[in-house]
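Single-structure report; data block below.
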Amino acid sequence: MNRNSRLVRFVNAYIRWPLYLLLLTFAMDICLYAAQPKVLYIGLIYTGAYIVILICLYFRKNRRLNKQLAEFGFRFNQVQRKMLLDLKVPYAMLDRDGCVLWANDEFRNITGMYLNHYYDIGQFFPNITKQELRDCVDEKELFFDTGGMQLRLQLKNVPLEEQEEGDQDGKGEVIALYLYDETEIRRLYRESEERRLAVGMIYIDNYEEALEGINEVNGSLLPALVERKINQYMRSNDAVVKKTEKDKFMILFQNRYLNAMKADNFRIMDDVRSLHIGNTVNITISIGIGICDENNYSFLAAFEAAKSAINRALERGGDQVVVRGDSAAKNNDAEGCSYYGGKSDSVAKSSKVRSRVKTEAICEQIRAADSVLIMGHTKGDADSFGATIGMYRIARFFTDRVNIVLDEAMKTVAMLFEQYRAGKSYEEGMFINNAEAVRRVDKGTLVIVVDVNADNRTECPDILPEAGNIVVVDHHREKNPINAKVTYAESYASSTCELVTEMLQHLEETGKREQAEKIIQIRESDADVIYAGILLDTNSFITKTGVRTFEAAAWLKRRGADMTRVRKCFRQDKSSVYEKARIINSAEIFMGIYSFAVNDCDTPDESPTEIGAQVANDLLDIADVKASFVFTPFDGMIYVSARAMDEANVELIMNRCGGGGHLNIAGAQFKDCTVEEAVQRVKDKITEMTEKGEI
C-alpha cells in the first residue's frame with residue numbers, strides 16, 4: 001500500500017478507541033450495582049445511549065472521514081508534484097539502468113526532453129553510464145560541459161520502502177539526479193585565480209664568467225642587452241620589472257600571464273642565452289616565481305615563495321625556472337614546485353668562494369656535534385663510497401666520535417671496500433650497520449648525507465628524524481631535498497667526490513697558511529677511493545668534466561692516488577662483459593635518436609643500476625644516438641639509467657617520469673608496473689615533450 005492508505009489505516013485505528021472505552025462504562029455500572037442496585041438502571045440507560053450514539057457516528061462518519069483524508073493526500077501530492085515541476089533546480093528520477101522515470105520542467109528545458117517520451121540519460125550526459133549508476137551507493141558528483149554551460153551532476157540513491165499485504169516489507173531504489181549550473185561560479189573562480197599576485201626573481205647565473213675575456217665596450221653593452229631582453233619580455237606580459245642589483249631583478253605580475261609564459265617555455269631564457277657580443281660563455285638566467293596561496297592572498301607569502309623558488313633553481317644548477325604555488329602544474333614535487341627549462345648544463349664557477357664558505361659552515365656543525373654519522377645512498381656506488389671516506393677524514397680531524405653507516409656493500413663497492421680495508425687508512429670500527437646507527441643516533445648527533453638529496457634513498461632513512469642536525473653534500477639537481485641545516489649542492493660538479501676533494505684541499509691550505517700544528521692528512525688508500533668516485537661518475541673523464549674536475553683529480557694524484565690500483569677495482573669478469581654485449585645487441589632505436597634496452601640479466605648481488613649505467617654509456621657510441629635508456633628490474637622496482645650526449649637533455653625527461661639527475665646523466669624508478677609498461681611510459685613522455693617543443 002502507498003503512504004496515503006497507511007495514513008487511513010492509522011486514523012481508523014485511532015477512532016476505534018471510543019469502542020474500547022465502552023469497557024470502562026461497563027466497569028462503572030458494576031460498581032454502581034454494588035453500591036446501590038437501584039442506581040444501576042440509570043447507569044444502563046446512559047450506557048445504552050452512549051452505545052447508540054457511538055455506533056451511529058462510527059458507521060456514518062467513518063467513510064466520510066476516510067474520503068476526506070484521501071482527498072487531502074491527493075491534493076497534497078498534487079502540491080508536491082507542482083512544486084517539483086516548478087522547481088528552479090533541474091531534477092529527474094532515474095532507474096538503475098539510466099532510464100528517465102520523471103523529470104521537472106527545468107530539466108526538460110535544459111536537455112530538450114519531450115513530455116511522455118522515454119529517454120536514456122546517456123543521450124544527454126554520456127558520462128552517466130550504467131556502471132556509474134550501479135556504483136552510486138549514497139551520493140556521487142560528476143561534471144559535464146555542454147553548450148557553453150558547466151554543470152555539476154549530483155546523483156543520490158533514494159530507497160523506497162513499500163508495505164504490502166501481510167505486513168511484508170519490500171524495498172526498491174531509484175536515483176535522484178540534480179543539475180547545478182556552475183558556469184558563473186567557475187568563471188568567477190578563474191578570474192580570482194588569474195588575478196592572484198605572482199612575485200618573481202630573475203638572477204643572471206654567470207655574470208662574472210660571461211664578462212671575462214671581452215673588451216670594455218662589450219663588457220658594458222652585454223649586461224644592458226640582457227636587461228633590455230628581460231624588460232621587453234616581462235612587459236609584454238604586463239609585468240613590473242625592478243633591477244635590484246647588477247645581476248638581479250624582481251618582477252610582479254598577475255597569475256593569468258603565467259600560462260602564456262609556460263606556453264612559450266619561458267622564451268626569455270633562450271633569448272638571453274643567444275646573446276653573443278664577444279663572450280665565449282653563454283649567459284644564462286634563473287627565474288624563481290612564487291604565487292599567492294589560494295586561501296591566503298598574502299604578498300609577503302608570495303615573496304617568500306619566490307625566494308625559495310630562486311634558491312631551488314640555483315641549487316639545481318641554474319638556467320631554469322622554478323614556480324612555487326602553481327596549483328595548475330602537473331609536474332609539481334612534494335613541496336609544490338614545478339620546473340621548466342634546464343636545457344643547458346651547469347657552468348662551473350671559476351671562484352671557489354662558495355666551496356670555502358660551505359666547508360667552514362660544515363666544519364662548524366661538526367665541532368658543535370657530540371657525534372657524527374656519515375652515509376651515502378642505498379645500493380651505493382663508488383662516488384657515494386668515496387665521498388663518505390672523504391667526509392670521514394674531515395670529521396675525524398675535529399672529533400673521534402665518527403662512523404660511516406654502510407649496511408651492505410654492493411659488488412662494485414665491495415672491491416673498493418676490500419682494497420680500502422687492506423690499506424693503512426682503515427680504522428677498526430669506522431663502519432657500522434643500520435641497526436647500530438639507529439641505536440647510536442640522538443639529538444646531539446650530526447648526520448652527514450652525501451651523493452643523495454632524497455631522504456627515502458639514503459642508506460638508513462630512520463636516523464634522519466632522530467638526528468639533531470643534518471648536512472647534505474651532493475651534486476645532483478634537487479627535486480625533493482632533505483631538510484638540512486647546511487646543504488652544499490653543486491650540480492655543475494662531476495661528482496660528490498669532486499666537491500669533497502675541494503673541501504679537503506681548502507682545509508689543507510688553511511692549515512698550512514695558518515701554520516697550524518695539526519694539518520689534515522689524506523693517505524694513499526683515501527685518495528684511491530675518492531679518485532675512483534670521480535672516475536666512475538665522469539666515465540673515465542669523458543662526460544661532465546670541467547677545469548675543477550681535473551684540478552681535484554690532480555690534487556688526489558699528488559696525495560698518492562694510483563690509476564692502476566683504481567682501475568683494477570672496476571674490472572669485470574667475462575660473463576658480465578658478455579651480458580653487456582647481449583643487452584647492447586638487443587637495443588631498440590626509437591624516433592631515430594633514442595636507444596632503449598632492457599637489462600634482464602640476473603645480478604642479485606650487484607647494484608641494480610651498475611650494469612644498466614655501463615650499458616647506457618656504451619649505447620651512446622652508436623652513430624646518431626643522442627640519448628640512451630636502460631631499464632633494470634630489481635626487487636619489485638624498475639630502475640632507469642639515462643645517458644645523453646650534448647644534443648639531448650635526459651634530466652628533463654626523467655623529471656617528468658618522477659626522477660632526476662643532470663643534463664647528460666639521469667635516472668628514474670618505477671613501481672607497480674612491468675618493464676614493458678615502464679618503457680612505454682618513457683616513450684610516451686618523449687613523444688609528448690617532442691610535440692610540445694620541450695626537447
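For the range 407-432, give me each residue that is of a type outside the set (F, W, Y), more than 20 Å from G468 (Cα to Cα) and modelled with pLDDT of 90 or more. Even if it seems obvious, please write down each step before you answer.
From the range 407-432, those of a type outside the set (F, W, Y) are 407-416, 418-419, 421-425, 427-430, 432; that's our starting set.
Subsequent filtering for residues that are more than 20 Å from G468 (Cα to Cα) retains 407-416, 418-419, 421-425, 427-430.
Of everything in the range 407-432, just one residue is of a type outside the set (F, W, Y), more than 20 Å from G468 (Cα to Cα) and modelled with pLDDT of 90 or more, namely M430.
For the structure I just gave you, tell me whether F266 is in contact with a Lys or Arg (Cβ under 6 Å, 6 or more places away or on another chain), at pLDDT 85 or above and surrounded by 14 or more Cβ atoms within 10 Å (Cβ to Cβ).
For F266, the condition - in contact with a Lys or Arg (Cβ under 6 Å, 6 or more places away or on another chain), at pLDDT 85 or above and surrounded by 14 or more Cβ atoms within 10 Å (Cβ to Cβ) - is not met.
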For the range 372-388 the number of residues that are assigned to a helix (DSSP H, G or I) and of a type in the set (S, T, Y) is 2
Just for the range 1-34: of the residues that are modelled with pLDDT of 75 or more and among the small types (G, A, S), which one is farthest from Y50 (Cα to Cα)? A34
Quick check on my filter: what residues within the range 271-307 are surrounded by fewer than 17 Cβ atoms within 10 Å (Cβ to Cβ) and free of Cβ contacts under 8 Å to residues at least 24 places away in the same chain? S274, H276, N295, N296, S298, L300, E304
Residues of the range 389-412 classified as within 17 Å of I522 (Cα to Cα), assigned to a loop (DSSP other than H, G, I, E, B) and among the charged types (D, E, K, R), total: 1
The condition from (1) among the acidic types (D, E); (2) more than 28 Å from E315 (Cα to Cα); (3) surrounded by fewer than 16 Cβ atoms within 10 Å (Cβ to Cβ) that E360 misses is numbered (2)
Restricting attention to the range 370-390, does a residue exist that is free of Cβ contacts under 8 Å to residues at least 40 places away in the same chain and out of contact with any helix residue (DSSP H, G or I) (no Cβ under 9 Å at 6 or more places or on another chain)? no
Do you know which of the residues in the range 391-421 that are without any contact (Cβ under 8 Å) to a residue 60 or more places away in the chain and basic (K, R) is nearest to T445 (Cα to Cα)? R401
Quick one: G278 ticks every box in (1) under 15 Å from A198 (Cβ atoms); (2) outside any helix (DSSP H, G or I) except a single one, so which number is it? (1)
Scan (1) in contact with a Gly (Cβ under 8 Å, 6 or more places away or on another chain); (2) in a helix (DSSP H, G or I) for the single condition A642 breaks and write down its number. (2)
If we ask which residues in the range 173-212 are open to solvent by 60 Å² or more (accessible area, probe 1.4 Å), in contact (Cβ under 8 Å) with a residue 40 or more places away in the chain and of a type in the set (D, E), their number turns out to be 4
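For every residue, the table says whether it meets (1) open to solvent by less than 20 Å² (accessible area, probe 1.4 Å); (2) in a helix (DSSP H, G or I); (3) under 25 Å from Y492 (Cβ atoms).
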site	(1), (2), (3)
E651	yes, yes, yes
A666	yes, no, yes
C673	no, no, no
Q680	no, yes, no
M689	yes, yes, yes
E694	no, no, yes
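Restricting attention to the range 413-439, and to residues there that are among the acidic types (D, E) and assigned to a helix (DSSP H, G or I), which single residue is most open to solvent (accessible area, probe 1.4 Å)? Don't jump to the end; show me each part of the working.
Step one: filter the range 413-439 for residues among the acidic types (D, E), giving 418, 427-428, 436.
Narrowing further to those that are assigned to a helix (DSSP H, G or I): 418, 436.
Working: E418: 105, E436: 47 Å².
Residue satisfying both the conditions and the ranking: E418.
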Name the pairs: first residue in the range 121-146 and within 17 Å of F107 (Cβ to Cβ), second residue basic (K, R) and modelled with pLDDT under 75, Cβ to Cβ under 6 Å, at least 6 apart or on different chains? L133/R96
Return the pair list, or none, for Cβ contacts closer than 7 Å from residues in the range 537-550 that are within 17 Å of D451 (Cα to Cα) to residues that are in a helix (DSSP H, G or I), at least 6 apart or on different chains. D537/D383; T538/T549; N539/N617; T549/E498; T549/I534
Selected residue [within 30 Å of L507 (Cα to Cα), outside any strand (DSSP E or B) and modelled with pLDDT under 70] from A334, A328, A348: A348
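Yes/no per residue for (1) at pLDDT 75 or above; (2) out of contact with any Cys (no Cβ under 6 Å at 6 or more places or on another chain); (3) open to solvent by less than 40 Å² (accessible area, probe 1.4 Å); (4) over 15 Å from Y178 (Cβ atoms):
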{"residue": "Q80", "(1), (2), (3), (4)": "no, yes, no, yes"}
{"residue": "D86", "(1), (2), (3), (4)": "no, yes, no, yes"}
{"residue": "A92", "(1), (2), (3), (4)": "yes, yes, yes, no"}
{"residue": "G98", "(1), (2), (3), (4)": "yes, yes, yes, yes"}
{"residue": "N104", "(1), (2), (3), (4)": "yes, yes, yes, no"}
{"residue": "L115", "(1), (2), (3), (4)": "no, yes, no, yes"}
{"residue": "I128", "(1), (2), (3), (4)": "yes, yes, yes, no"}
{"residue": "E141", "(1), (2), (3), (4)": "yes, yes, no, no"}
{"residue": "G148", "(1), (2), (3), (4)": "no, yes, no, yes"}
Can you run down the residue pairs with Cβ atoms below 8 Å, 6 or more apart or on separate chains, where the first is in the range 659-687 and β-branched (V, I, T) and the partner is at pLDDT below 90 and surrounded by fewer than 16 Cβ atoms within 10 Å (Cβ to Cβ)? V675/D600
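Tell me yes or no: at least one residue of the range 217-230 is of a type outside the set (A, V, I, L, M, F, W, C), surrounded by 13 or more Cβ atoms within 10 Å (Cβ to Cβ) and under 33 Å from the mean Cα position of the chain (by Cα). Break it down into steps so the answer makes sense when it comes.
Looking only at the range 217-230, we keep the residues that are of a type outside the set (A, V, I, L, M, F, W, C), and these are 218-220, 223, 227-229.
Cutting the leftovers down to surrounded by 13 or more Cβ atoms within 10 Å (Cβ to Cβ) gives us 218-219, 223, 227, 229.
If we keep only those that are under 33 Å from the mean Cα position of the chain (by Cα) as well, we get none.
No, that holds for no residue.
Quick grid of which residues meet (1) touching a Pro at 6+ places or on another chain (Cβ under 7 Å); (2) buried (at least 20 other Cβ atoms within 10 Å of the Cβ); (3) touching a residue at least 12 places away in the same chain (Cβ under 8 Å); (4) within 17 Å of E360 (Cα to Cα):
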position: V441; (1), (2), (3), (4): no, yes, yes, no
position: L446; (1), (2), (3), (4): no, yes, yes, yes
position: N456; (1), (2), (3), (4): no, no, no, no
position: C460; (1), (2), (3), (4): no, yes, yes, no
position: E466; (1), (2), (3), (4): no, no, yes, no
position: H475; (1), (2), (3), (4): no, yes, yes, no
position: T487; (1), (2), (3), (4): yes, yes, yes, yes
position: L504; (1), (2), (3), (4): no, yes, yes, yes
Applying the selection to the range 536-569, what residues are open to solvent by 10 Å² or more (accessible area, probe 1.4 Å) and under 37 Å from the mean Cα position of the chain (by Cα)? L536, D537, N539, S540, F541, I542, T543, K544, T545, G546, V547, R548
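The values are calculated or read from the model by the stated rules, or taken from the named source; none is laboratory data. What you see is a predicted model, and the numbers here were worked out from it, not measured in a lab. Please note: Cβ atoms are built from the backbone with ideal geometry, for glycine as well, and neighbour counts cover all protein chains shown. Surface accessibility is based on the protein's heavy atoms, side chains included, excluding ligands, DNA and RNA. Shrake-Rupley method; radii C 1.70, N 1.55, O 1.52, S 1.80 Å.
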